[in-house]
1. Counting helices only, and only those DSSP H runs with n ≥ 4, report the 222 nm mean residue ellipticity of the chain as the sum of -39,500 (n - 2.57) divided by its residues, in deg cm²/dmol to the nearest 500.
2. Hey, what do the phi angles of region 128-137 turn into as Karplus ³J(HN,Hα) couplings, whole Hz, using 6.51/-1.76/1.60 and θ = phi - 60°, x for Gly and Pro?
3. Please build a GNM for the chain, connecting alpha carbons under 10 Å apart, and tell me which residue among 197, 88, 59 fluctuates the most.
4. Mind giving me the FRET efficiency for residue 185 and residue 207? R0 is 22 Å, r the Cβ-Cβ distance, nearest 0.05 is fine.
5. Too long at a 19 Å Cα-Cα cut-off: which of 77/192; 91/112; 172/219; 91/133?
6. Which one, 42, 152, 171, projects farthest toward the positive side of the charge dipole computed for the chain from Cβ point charges (K/R +1, D/E -1)?
7. Amide H to amide H under 5 Å from residue 44: which residues, 5+ apart in sequence or cross-chain, H placed 1.01 Å off N in plane?
8. Using alpha carbons only, how many degrees (0 to 90, rounded to 10) separate the axis of helix 53-65 from the longest principal axis of the chain?
Amino acid sequence: MKAPKFILALLAVIFINQTQAQNTFDHSIWDQALLLNVNEEGKVNYNGFMRDSSQLYQYFSQLSANPPKEDWTREEKLAYWINAYNAYTIKLIIDSYPLKSIKDLDNPWGKKFFKINGEWYSLGELEHKILRKFGDPRIHFAINCASFSCPIVWNRAYTAENVNEALDQQTKKFINDPTRNTITDEEVNVSKIFTWYKKDFKVNGGDVKDFINRYALVKIGKQPKKGYKDYDWSLNE
């Protein structure tokens, strides 16, 4: 007896959904490690990450063996690469811990120290050759350079489901954080991220000021004092 067409169609849908589910990367190990070792202010407990290193290295193995596939959604790819950048930054620090600054390390962003799908990568390659290619300047407030003046480490993993909302939240949080940006009616003194990556913030015909004003509680206008803050590279612990 032949199966009715609607049953065959249903089975086909189930098979497709199962195949798509298999392509979705599971970031739960990283999510748990962040919850345990990063507080709400983004301060990192590197000793804690070292104690939990077996789980952390399990996550590195998963990242290495399961790079994004062509049929992944943009959000799945974006979440994967942001998490990879932040996780491997933690690895870079704990591999040489204790230290006072990431800049105490030799060539921290150029050093190829981890593999993904059999290919060696550096943090700089993840940032400049992959993440910035997404054309979304909000990524600068999601990836962390293990330093106090960097955007804070979010203590949750990025996922396809939360990445867009989380990027908005992290961007707004960073821009309105007075320790990283001062924007008052009299003074504008913002992070050097906005000059280092000036081109990235020129989106939809706007400029850096337009981008900041989209998220800032106090808008940049005719303030008489304007400049950039000194960047504090001390470790964010």
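Laboratory data are not the source of any read-out in this text; all were calculated from the coordinates shown. Bear in mind the structure is a predicted one, so any value in this text is a computation, not a measurement. Cβ placement follows ideal geometry from the backbone for every residue including glycine, while neighbour counts extend to all protein chains displayed.
1. Helices in the chain give a 222 nm mean residue ellipticity of -12000 deg cm²/dmol.
2. Karplus-based 3J(HN,Hα) across region 128-137 equals 8, 9, 10, 5, 5, 5, 5, x, 10, x Hz.
3. 197
4. Once rounded, the FRET efficiency stands at 0.60.
5. 77/192; 91/133
6. 171
7. Placed amide hydrogens put 237 under 5 Å from residue 44.
8. Approximately 70 degrees, to the nearest ten.
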